[in-house]
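Below is one structure, written out as structure tokens, with a few remarks after it.
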Amino acid sequence: MIRFILSRGLRALVTIFLVVTFAFIVLRLSGDPAMQILSVDAPPEAIEAFRNEWGLNQPIWQQFLDYLLNVLRGNFGDSMREGRPAMDIVLDHVGATLMITLPALALKILIGIPAGIYAALHRNSLADRVTMMLSVAGFTVPSFVLALVLVLIFSVHLGWLPSTGNATWKHAILPIITLGTAGAAILARFTRSAMLEVLGQSYIRAASAKGLVWRQVVTGHALPNAAIPTITIVGFMIGSLIAGAVVVESVFSWPGIGYLLISAVANRDLAVVQSILLLIAACMVCANLVVDLLYGWIDPRVRLSAAH
């Protein structure tokens, strides 16, 4: 088990390093932040002074090495716009993002998993067809389209809910529904597929032949064996809590990480963008690491195959 944990931990560190490297290089090659922040009409002396102050005149390999060394010391750089630590700015917006993503995650799990189980246990019934039809619609409609439709119905026509901002709890309802709908649809489909695959196995028929009631067969044999695919999807959703809110926060002007990311990219605030991407990568990698460890705990065959 220790070897399994070390191997997955090393893979997680390598993944974070590759993400940080790719983001750093792409951001540096995508344009000069001095021209964006100071404008093209700024005197050449001012532009050169800005580049010297922020180390933009150094070779890209030197900039990257300095960035890595600073990250290892816990220094993620300063915002070129606000002049204060970039990670502090990012963390100031984390609470707003979690305010809508955590309830959305709960909504996905509470709707998606029971719906998928019910559809699998009533395969080819009307309830199964309706559930799958709704799930297909749920994850094929882009989130920004769904967000605009919800605003049109509940804000413009009915006037029940506000469309933008975060002043009251009512402002969070539409973003939560938008984020939760697609996730619930995906979970329902994956849970149904996993359950149907398990229900077709010989050990399920053997359990029924032993005289176990159907509820015992489902809860004691089918659900535990169908858990791994479901854990995979839930783990991915947990890891993408921050990344998944980018579009929705923009539509609803919700002041979270996603809204900040778009603003930082538009303003070429490199340190803020890098800090956000590093945070997103860390969340994704940590969630996948936890899922891998759960695999090894639930199914020893995964742990043994990794050891070899």
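The values are calculated or read from the model by the stated rules, or taken from the named source; none is laboratory data. Quantities reported herein were computed from a predicted structural model and do not represent experimental measurements. Because the Cβ atoms are built from the backbone with ideal geometry, glycine has one as well, and the counts that use them run over all protein chains shown. For accessibility, only protein heavy atoms count, side chains too; no ligands or nucleic acids. Shrake-Rupley method; radii C 1.70, N 1.55, O 1.52, S 1.80 Å.
Structure summary
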read-out	value
Those residues of the stretch 71-109 which are of a type in the set (D, E, K, R) and part of a helix (DSSP H, G or I), in sequence order	D88, D92, K108
Single residue of M133, M87, M99 found to be open to solvent by 50 Å² or more (accessible area, probe 1.4 Å), farther than 29 Å from A226 by Cα and at pLDDT 85 or above	M99
Residues of the stretch 183-194 that turn out to be polar (S, T, N, Q) and open to solvent by 10 Å² or more (accessible area, probe 1.4 Å), as a count	1
The one condition in (1) farther than 16 Å from Q274 by Cβ; (2) over 24 Å from the mean Cα position of the chain (by Cα) that D78 fails to fulfil	(1)
Verdict on A119 being in a helix (DSSP H, G or I), more than 30 Å from L18 (Cβ to Cβ) and either in contact (Cβ under 8 Å) with a residue 40 or more places away in the chain or open to solvent by 50 Å² or more (accessible area, probe 1.4 Å) (or both)	yes
Cross-chain or 6+ apart pairs with Cβ under 7 Å, the stretch 137-155 first and surrounded by fewer than 17 Cβ atoms within 10 Å (Cβ to Cβ), then part of a loop (DSSP other than H, G, I, E, B)	S155/L161; S155/P162; S155/S163
Residue within the stretch 243-252 that is over 14 Å from the mean Cα position of the chain (by Cα), open to solvent by less than 10 Å² (accessible area, probe 1.4 Å) and more than 30 Å from D292 (Cβ to Cβ) present	yes
Positions within the stretch 156-177 being open to solvent by 70 Å² or more (accessible area, probe 1.4 Å), part of a helix (DSSP H, G or I) and in contact with a Phe, Trp or Tyr (Cβ under 9 Å, 6 or more places away or on another chain), in sequence order	K170
Candidate set from the stretch 41-67 (those that are hydrophobic (A, V, I, L, M, F, W, C), within 24 Å of T21 (Cβ to Cβ) and surrounded by 13 or more Cβ atoms within 10 Å (Cβ to Cβ)); member that is modelled with the highest pLDDT	F64
Filter result for the condition that a residue is in contact with a Lys or Arg (Cβ under 8 Å, 6 or more places away or on another chain), surrounded by 14 or more Cβ atoms within 10 Å (Cβ to Cβ), modelled with pLDDT of 85 or more and not aliphatic (A, V, I, L, M), over G256, G180	G180
Of residues in the stretch 7-24 being over 16 Å from V71 (Cα atoms) and either at pLDDT 75 or above or more than 28 Å from the chain's Cα centre (by Cα) (or both), the one surrounded by the most Cβ atoms within 10 Å (Cβ to Cβ)	A12
Test: V130 is within 22 Å of H171 (Cβ to Cβ) and assigned to a helix (DSSP H, G or I)	no
Positions within the stretch 209-228 being open to solvent by 50 Å² or more (accessible area, probe 1.4 Å) and part of a helix (DSSP H, G or I), in sequence order	A209, W214, R215, Q216, T219, H221, L223, P224, N225
